[in-house]
Amino acid sequence: MSGIISEYVETESGAKANRPQLAKALAQCRRAKATLLIARLDRLSRSLSFVAQLLDANVDIRCADMPEANRLLLQMLAVFGEHERQMIRE
């Protein structure tokens, strides 16, 4: 099977860990053995621990705005995103 099987729109802030639509999308990806396609990586989260949990969710993840991103790059970008969030707070 190829193509988009469902679309989920998350209205929660990337700063929040409670992401009900993301949880539904992950569950469906697990059931269908599908890839989770995220529109914009920078809107996903600015939390390294959140991204790490997502990467450990046994679901292949791709980003539409950065299709070449692999697991290593996603982890590195999460580190920079968390650092940027902290600098903004200060």
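The values are calculated or read from the model by the stated rules, or taken from the named source; none is laboratory data. The structure presented is a predicted model; accordingly, all values stated were derived computationally and were not measured. Every residue, glycine among them, receives a Cβ derived from its backbone with ideal geometry; neighbour counts consider all protein chains shown. Side chains are part of the model used for accessible areas, which takes the heavy atoms of the whole protein and leaves out ligands, DNA and RNA. Shrake-Rupley method; radii C 1.70, N 1.55, O 1.52, S 1.80 Å.
Things worth noting here:
- Taken about its Cα centre, the chain carries a charge dipole of about 300 debye when Lys and Arg each add +1 at the Cβ and Asp and Glu each add -1 at the Cβ.
- Extension gain for Ala52-Tyr8 works out to 13.8 nm (0.36 nm per residue, less the C-alpha to C-alpha distance).
- Cα-derived Rg over Rh, computed across the chain with Rh taken as Kirkwood radius: 0.96
- q = 0.29 Å⁻¹: log10 I(q)/I(0) that the Debye formula gives for the stretch 17-63, counting C-alpha atoms only: -1.33
- Sorted peptide list for 44-57, 72-85, criterion being average Cβ within 10 angstrom, highest first: 44-57, 72-85
- At least 30 Å along the helix axis (C-alpha) and Kyte average at least 1.6, DSSP helices within the chain: none
- Estimated [θ] at 222 nm from DSSP helical runs (n ≥ 4, -39500 (n - 2.57)) normalised by residues in the chain, nearest 500: -14000 deg cm²/dmol
- With θ taken as phi - 60° and the Karplus curve 6.51 cos²θ - 1.76 cosθ + 1.60 applied, the whole-hertz 3J(HN,Hα) list for the stretch 3-9 is x, 7, 9, 7, 10, 10, 10 Hz, x standing for glycine and proline.
- Carbon + sulfur, % of accessible area of the chain - ligands and nucleic acids excluded, 1.4 Å: 54
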